[in-house]
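To start, the structure itself, in structure tokens.
Just so it is clear, none of the values below were taken in a lab; they were calculated from the coordinates. Predicted model, so just to flag it, every value in this text is computed and none were measured. Positions of Cβ are backbone-derived with ideal geometry, glycine not excepted, and every protein chain shown enters the neighbour counts.
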Amino acid sequence: MLCHLYILPLCYINIELYQILLIGQDNHNVGRHNLKIISGPASQLLATRVAKELDCDILLAEYKRFPDGEACVRVLDEIGDDVLIIQSTVSDGDLIYLLQLVDACEEVERVRVVIPYFRYARQERTSHPGEPISARAIARTIDADEIFTVNIHDPSVLGHFNGPAHDLDVAPLIGDYIRSLDLDRPIIIAPDDGACALARSSASKLGIDYDVLEKIRLNGEDVEIKPKHIDIMNRDVVIVDDIISTGETMVEAIELLWRQKPNDIYVACVHPVLARNALIRLFKAGIKELIATDTIENGASIISAAPVIAKAVE
Ligand code: R5P
């Protein structure tokens with residue numbers, strides 16, 4: 001069972017998963033619910049947390065590659081008739097594993113899928129002739145009785161899945177975490193319009209101020225944030241976005257805000273993609289802490305989306 005733990009990047013995560021699996025072994029096949037959870041390789045920690053919240057079994061599956069690189073999946077435990085597959089699509093390979101898991105459940109009465117981080121959601125429209133709507137192309141391949149995403153970049157994508165799809169909001173959990181930091185006159189700031197709902201939702205949970213910056217995307221890697229005066233002098237600032245990919249959006253926002261002499265700057269996101277050297281760029285820009293959820297499992301994933309997912313599927 002533990003041979004798959006190598007896919008999780010940090011040893012403290014492995015220890016926690018090990019403990020959860022041991023607890024699960026004690027209660028083997030005695031979950032209160034008929035529901036069985038299957039975790040894809042990208043969401044093993046989150047899936048075990050959801051299973052724990054729901055007190056239901058998590059099935060053992062193995063993920064391998066043939067010598068030519070083709071992915072190969074096998075669910076080793078008996079599947080049953082009510083399944084919840086949890087798999088983020090952090091890489092293109094993760095999408096293949098997800099499709100294979102759905103197909104392995106072809107004969108199952110009810111198959112629901114949670115895609116905590118849905119890759120390609122930022123390609124929800126075309127910018128030039130000849131381009132696909134990639135989010136639509138990918139979403140169409142998922143055929144399930146119900147599909148759940150978490151703070152998907154653009155909710156319009158939900159309409160493209162082959163089945164009723166719902167987006168879950170973990171912003172209140174980010175709000176709870178921010179409250180626990182006991183900040184000095186905190187204010188939440190969205191770096192662009194797209195993150196406004198997330199900032200509003202986190203701030204309303206705390207009953208604090210929020211504001212929004214104006215971002216212009218120059219290309220896939222560069223952005224410009226328009227100067228704006230906000231009352232942040234000697235206050236703690238939390239910049240909130242749905243995704244941190246290259247970190248460019250956050251770094252631009254951080255540099256703009258430092259000029260207005262805040263106390264500390266924190267950054268928070270739902271999906272810590274953290275491509276390339278994003279993490280180092282953020283800390284070099286002077287942030288106090290990076291806060292993210294486990295829709296993508298890495299060292300920044302300090303808030304779990306599990307309670308929100310468990311509540312939606314129970
Ligand atoms: C785009 O609008 C998203 O909400 C994020 O702002 C964006 O994906 C962040 O990307 P990056 O970290 O590469 O600037």
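Looking at the chain, the DSSP beta bridges with both ends there are about 15 percent antiparallel. The label point for ASP222 and the one for ALA71, both projected 7 Å from the Cα toward the Cβ, are 3.5 nm apart. In this structure, the pairs whose alpha-carbon distance is over 28 Å, taken from LYS215/LYS288; LYS52/LYS284; LYS215/LYS311; LYS261/LYS284; LYS226/LYS261; LYS228/LYS284, are LYS52/LYS284; LYS215/LYS311. Residues whose amide H falls under 5 Å from that of ALA61, counting only those 5 or more places apart or on a different chain, are LEU76, with hydrogens built in the peptide plane. Compute the long axis of helix 171-180 from its Cα atoms, compare it with the longest principal axis of the Cα atoms of the chain, and write down the angle in degrees, 0 to 90, nearest 10. Tilt relative to the chain: about 60 degrees. Binning the C-alpha pair distances of the chain at 20 Å intervals from 0 yields a P(r) profile of 32, 55, 12 %, listed from the shortest bin outward.
Taking the DSSP beta bridges with both ends in segment 171-294, the antiparallel portion is around 15 percent.
The C-alpha atoms of the chain define a longest principal axis, and helix 92-104 lies at about 40 degrees to it. For the pair HIS128 and ARG276, a Förster radius of 25 Å applied to the C-beta separation gives a FRET efficiency near 0.55, rounded to the nearest 0.05.
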